[in-house]
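Okay, structure first, notes after.
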Amino acid sequence: MSETGRPWRWYHGLLFYLLVQGLTFALSGLVNRWQGRRISSPGQLLGDVSYFEALRQSIFAPPAWVFGPAWTVNNLSAIWGLLRVLNKPVNSKGRTAYLVLQAASWLDYIIFSAAYFGLRSPLNALLLTLFMLGLTVASVLVALLRLRDTLVALSLATLFLWLLLASTAAIFQALWNHDAFYGVGPFAEPPPRLLKRMK
């Protein structure tokens, strides 16, 4: 299908991605400053590797270096699907529902780094990960059952698989570590067979 005459182009997606990243950096920076924490590198605003690696993690937790490439693929794929939906007729069945779900999902993404790393809260990480997983499942169902667009549903495939893995890892992380923001935990001792070896 020709893209000629469509109002939403690839560069709109790129600008949106840059805006989202900018908001994520800004919010994370504000929360870290509020917590009296000094930022030593820009990358720390998207995820404090030293904090992450100091937590007791399950064997399901991906290594820290995987997060950057994985989220780049997830985000670009999701934005491609978002542009495809935006370019459908305004009165298309399911279009508004999909856009609302995706707006909530991107807001979740923007908040995540500040709520997790900035506030040192594995519980926030778990809640936001599960919430995004729910939004992604709902988006896929809307794409398949209302938009009837398999390609839009497939644009969320890598994100869905990643969130399944991340949710499993986040459950154990929330159980096994202290949450500085809420002042609770750990709630359980990790079984040795499920505990990832610390570096």
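The values are calculated or read from the model by the stated rules, or taken from the named source; none is laboratory data. This structure is a prediction, so every number in the text was calculated from the model and none was measured. Heads up, the Cβs are rebuilt from the backbone with ideal geometry, glycines too, and the neighbour counts pull from every protein chain shown. What goes into the accessible areas is simple: the full protein's heavy atoms, side chains included, and nothing from ligands, DNA or RNA. Shrake-Rupley method; radii C 1.70, N 1.55, O 1.52, S 1.80 Å.
Residues in the range 58-72 that are among the hydrophobic types (A, V, I, L, M, F, W, C) and not in a loop (DSSP other than H, G, I, E, B) were compared, and the one that is modelled with the lowest pLDDT is A64. Annotation: Y116 fulfils all but one of (1) open to solvent by less than 20 Å² (accessible area, probe 1.4 Å); (2) among the aromatic types (F, W, Y); (3) closer than 21 Å to A138 by Cβ; the unmet one is (3).
Restricting the range 1-46 to residues that are part of a loop (DSSP other than H, G, I, E, B) and among the small types (G, A, S) leaves a set whose member that is modelled with the highest pLDDT is G36.
Within the range 47-57, is even one residue closer than 30 Å to L151 by Cβ, open to solvent by 30 Å² or more (accessible area, probe 1.4 Å) and either at pLDDT below 95 or outside any loop (DSSP other than H, G, I, E, B) (or both)? For the range 47-57, residues closer than 30 Å to L151 by Cβ, open to solvent by 30 Å² or more (accessible area, probe 1.4 Å) and either at pLDDT below 95 or outside any loop (DSSP other than H, G, I, E, B) (or both): absent.
Taken over the range 138-195, residues that are open to solvent by 70 Å² or more (accessible area, probe 1.4 Å), under 12 Å from R56 (Cα atoms) and either modelled with pLDDT under 95 or more than 19 Å from the chain's Cα centre (by Cα) (or both) amount to 3.
Looking only at the range 22-41, count how many residues are without any contact (Cβ under 8 Å) to a residue 12 or more places away in the chain and β-branched (V, I, T). Total meeting the criteria: 1.
Counting the residues of the range 106-124 that are of a type in the set (A, V, I, L, M, F, W, C) and over 19 Å from Q21 (Cβ atoms) gives 2.
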